[in-house]
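The values are calculated or read from the model by the stated rules, or taken from the named source; none is laboratory data. What you are looking at is a predicted structure, and each value in this text was computed from that prediction instead of being measured. Cβ atoms come from the backbone with ideal geometry, glycine included; neighbour counts cover every protein chain shown. Just the protein is used for accessible areas: all its heavy atoms, side chains included, with ligands, DNA and RNA removed. Shrake-Rupley method; radii C 1.70, N 1.55, O 1.52, S 1.80 Å.
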Amino acid sequence: MTKRTLRSKLGAMAQMVDSFRAGRTIPKNLYGRDEPDQTVSLVTDALDKWFALLDGDDYDASFAAPPVARTRLLTLVAREVLCVDEQVVQLTFSAADGEVLPAWAPGMHLDFYLPSGRRRQYSLCGQPNADSYSIAVRLVPDGGGGSREMHDLQVGTELAIRGPRNGFPFVQSEHAVFVAGGIGITAIIPMVRRARETGMDWHLVYCGRSRESMPFLDEIAGWDADRVTVRTDDVDGMPSSMDLLGAAAPGGSVYVCGPPPMIDLVRASFDSLPATHLHFERFSPPPVKNGAEFEVQLVDSGQIIAVAPDETALHAIRRLRPDVAYSCQQGFCGTCRVRVLSGTPQHRENRLTAEEQEHEMLICVSRSEGERIVLDL
């Protein structure tokens, strides 16, 4: 930079500082004299010069962070049946606008906003470096309808999604045992792929009702057989804790995803293991423990619904209001959030803030402290 250019820039900055000062009023000093307070004058002069420096150059948009996309549209581009029993389909989506999709890591999931208004979460189970997102969905005929709606989607359908988000992070360690039950393999299989890529010491225990009902067996069959255990209820019976965790190593990790009885068995047995880190994710609602009977009153109709000690408020409400919104049934997604008009909630979740818990509850897990609670439904 030449001296002439420097003088020009300094002159422009001085003019800018003068423009900042125009119309500005500095308060009198604390002693009541007429002159402006010296400390405030120094601070404001320094800030004026700093802002002048910042404004002295053209803005370079390349340094800006990309806008945060809260929701985006995906297009279903492929549909593949994964199981012999035809109850699991893999759905592959790409960005509807052709943009590059955000990267994801093992354990992440997407929130899907279905045409019916339902909201469901599904684990990403494809390749993290792909230009598309893949999930696998098991059909649950007597479920809430979300799996049926996903199975009925046609190639070319556009859906709004949110994510990827991670509630089940994979942390690389020297040794890990991966336990998957049924469709829980969708969250586990990207972790095992990463473990294989990075040279970890690992073992997979994959359980299901029958081989005909278990997705990804063809891929898993190509892995090191000494590191894989496949168990089926129809041949091997229900697994014991040692069947699931016998390969756990000192200081290692255990990752488990599957039905509640499997997770409860692993959690109950973990303290006796040499492994030191346990990570788990449920694919179905946990059982209600230490519940007491209470009543829910729906303010719109005035109907009063009895909630049994071993059922959730959501389950009871859906007997009369099957259209009530819900998704995870585990207290983390917030879809079933309802305003409480009367009564005191017994909160069994950590998603709501303390302020929100004063007048809202998640009916999939939370209950009532008293005999009755009135909800804005």
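Structural remarks
- Meets criteria (buried (at least 16 other Cβ atoms within 10 Å of the Cβ), under 19 Å from Q87 (Cα atoms) and either modelled with pLDDT of 95 or more or touching a strand residue (DSSP E or B) at 6+ places or on another chain (Cβ under 9 Å) (or both)) for G184: yes
- Yes/no for A96 being open to solvent by 10 Å² or more (accessible area, probe 1.4 Å) and either within 19 Å of the chain's Cα centre (by Cα) or aliphatic (A, V, I, L, M) (or both): yes
- Checked against (1) acidic (D, E); (2) without any contact (Cβ under 8 Å) to a residue 60 or more places away in the chain; (3) touching a Cys at 6+ places or on another chain (Cβ under 7 Å), E281 passes all but condition (2).
- Restricting the first member to segment 323-352 and to residues that are in a loop (DSSP other than H, G, I, E, B) and small (G, A, S), and the second to residues that are open to solvent by less than 20 Å² (accessible area, probe 1.4 Å) and at pLDDT below 85, the beta-carbon pairs closer than 6 Å and six or more apart or on different chains are S327/C333.
- Matching residues in segment 139-174 - criterion: being closer than 23 Å to A105 by Cβ and assigned to a strand (DSSP E or B): L159, A160, I161, R162, G163, P164, R165, N166
- Members of segment 353-367 found to be within 22 Å of K289 (Cβ to Cβ) and either of a type in the set (V, I, T) or open to solvent by 10 Å² or more (accessible area, probe 1.4 Å) (or both), listed by number: Q357, I363, V365
- Verdict on C336 being touching a Gly at 6+ places or on another chain (Cβ under 9 Å) and surrounded by 15 or more Cβ atoms within 10 Å (Cβ to Cβ): no
- Residue pairs whose Cβ atoms lie under 8 Å apart, sitting 6 or more positions apart in sequence or on different chains, and linking a residue in segment 296-308 that is in a strand (DSSP E or B) to a partner that is of a type in the set (D, E), are I304/E295; I305/E295; A306/E293; A306/E295; V307/E293; V307/E295.
- Considering only residues in segment 102-123 that are open to solvent by less than 20 Å² (accessible area, probe 1.4 Å) and touching a helix residue (DSSP H, G or I) at 6+ places or on another chain (Cβ under 7 Å), the one that is farthest from S147 (Cα to Cα) turns out to be P106.
- The sole residue among D271, D218 that is over 26 Å from N166 (Cα atoms), open to solvent by 20 Å² or more (accessible area, probe 1.4 Å) and not hydrophobic (A, V, I, L, M, F, W, C) is D218.
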